[in-house]
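> Starting off with a structure, shown below.
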Amino acid sequence: MKIEDVRRTAYSMPLTNPSFPPGPYRFFDREYFIITYKTDPEALAAVVPEPLEVAEPVVKYEFIRMPDSTGFGDYTETGQVIPVRFKGELGAYTHAMYLDDEAPIAGGRELWGFPKKLARPKIAVESDVLVGSLHYGSVLCASATMGYKYHKVDHDTVLNAMKAPNFILKIIPHVDGSPRICELVRFHLDDIVLKEAWTGPSALGLFPHALCDVARLPVREVVSALHYKADLTLGLGSVAFDYMAK
């Protein structure tokens, strides 16, 4: 293979058999189960990188079921998203993500810098309860419940929240282990078709684990819960801040 061929074809690893196809990526019937909770402000400040600013002392714990996505297939994801402010604009910082599929782990980390790790999240309806859980190996790290479709939520409120900017800290190491790329990436969800949105009584438990540290941002009080489905496109990102720039 010639040098020009490498430059022309390389976008992911392995070179001749990449783990995921080029984007953009469309998701159909993407299902969200989100519990918003109050947490320790000092714990929150310790994990949100400047120049982002903590907007309020809350965390959104998210379970996301993706049964049909171009390139990435069928998988489930969970993690913590923190409301932030960047240059006066409100958005969301993705702090941690755990999922069960290799392609979106590789693609998410390489393209955007999503902080993805392999684990076993799950969303299921059990009788009249929506249940979300996260196991890392055999250990339960997160457990969430919500009354199933108790009350409808205003369509525009959810849609406007989905359109807000998202931020991730992308880190790619050099061959000597030092950071070669360290940048704040900004991305949006595009072409959103919101199909339904619900709320209900909810509860959330986070449990300590050495390598799955969702309990680092402890639950002080559950604020609200949201359950909705949508079609959307995961937009490719742009660099909002370069930590390596002189």
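The values are calculated or read from the model by the stated rules, or taken from the named source; none is laboratory data. Please read all numbers here as calculations on a predicted model, not as lab measurements. Counting neighbours? That spans all protein chains shown, and the Cβs are built from the backbone with ideal geometry, glycine included. For accessibility, only protein heavy atoms count, side chains too; no ligands or nucleic acids. Shrake-Rupley method; radii C 1.70, N 1.55, O 1.52, S 1.80 Å.
> Against the condition basic (Lys, Arg), open to solvent by 20 Å² or more (accessible area, probe 1.4 Å) and either touching a residue at least 12 places away in the same chain (Cβ under 8 Å) or in contact with a Cys (Cβ under 7 Å, 6 or more places away or on another chain) (or both), how does LYS38 come out, does it pass? Give the steps one after another, and end with the answer.
Values: basic (Lys, Arg): yes; open to solvent by 20 Å² or more (accessible area, probe 1.4 Å): yes; either touching a residue at least 12 places away in the same chain (Cβ under 8 Å) or in contact with a Cys (Cβ under 7 Å, 6 or more places away or on another chain) (or both): yes.
So LYS38 passes the test.
> Report yes if some residue within the stretch 215-229 is farther than 18 Å from GLY132 by Cα and of a type in the set (Phe, Trp, Tyr); otherwise report no.
Checking the stretch 215-229: not a single residue is farther than 18 Å from GLY132 by Cα and of a type in the set (Phe, Trp, Tyr).
> LEU211 - would you say it is aliphatic (A, V, I, L, M), open to solvent by 50 Å² or more (accessible area, probe 1.4 Å) and in contact (Cβ under 8 Å) with a residue 40 or more places away in the chain?
Spelling it out, LEU211 is indeed aliphatic (A, V, I, L, M), open to solvent by 50 Å² or more (accessible area, probe 1.4 Å) and in contact (Cβ under 8 Å) with a residue 40 or more places away in the chain.
> Let me ask something else about it. Give TYR228, TYR243 a once-over and let me know the one that is open to solvent by 50 Å² or more (accessible area, probe 1.4 Å) and among the aromatic types (Phe, Trp, Tyr).
After applying the criteria, what remains is TYR243.
> Now for a separate question. Cβ-Cβ under 8 Å, sequence separation 6+ or interchain: first residue in the stretch 104-127 and over 18 Å from ASN166 (Cβ atoms), partner open to solvent by less than 60 Å² (accessible area, probe 1.4 Å) and among the acidic types (Asp, Glu). Which pairs?
PRO121/GLU77; ILE123/GLU31
> Suppose the filter is at pLDDT 95 or above and part of a strand (DSSP E or B); does VAL219 pass it?
Spelling it out, it is not the case that VAL219 is at pLDDT 95 or above and part of a strand (DSSP E or B).
> Next up: Suppose we keep only residues that are surrounded by fewer than 20 Cβ atoms within 10 Å (Cβ to Cβ) and in contact with a Lys or Arg (Cβ under 6 Å, 6 or more places away or on another chain) within the stretch 106-129. Which one would you say is modelled with the lowest pLDDT?
Going through the qualifying residues, I end up with ARG109.
> Just to be sure before I move on: is GLY137 modelled with pLDDT under 95 and out of contact with any Cys (no Cβ under 6 Å at 6 or more places or on another chain) in the structure I sent?
Numbers: modelled with pLDDT under 95: no; out of contact with any Cys (no Cβ under 6 Å at 6 or more places or on another chain): yes.
No, not satisfied.
> OK, next. Confirm whether VAL47 is in contact with a His (Cβ under 8 Å, 6 or more places away or on another chain) and either under 23 Å from GLU110 (Cβ atoms) or at pLDDT below 95 (or both). So that I can check it myself, show each step before the final result.
Numbers: in contact with a His (Cβ under 8 Å, 6 or more places away or on another chain): yes; either under 23 Å from GLU110 (Cβ atoms) or at pLDDT below 95 (or both): yes.
Yes.
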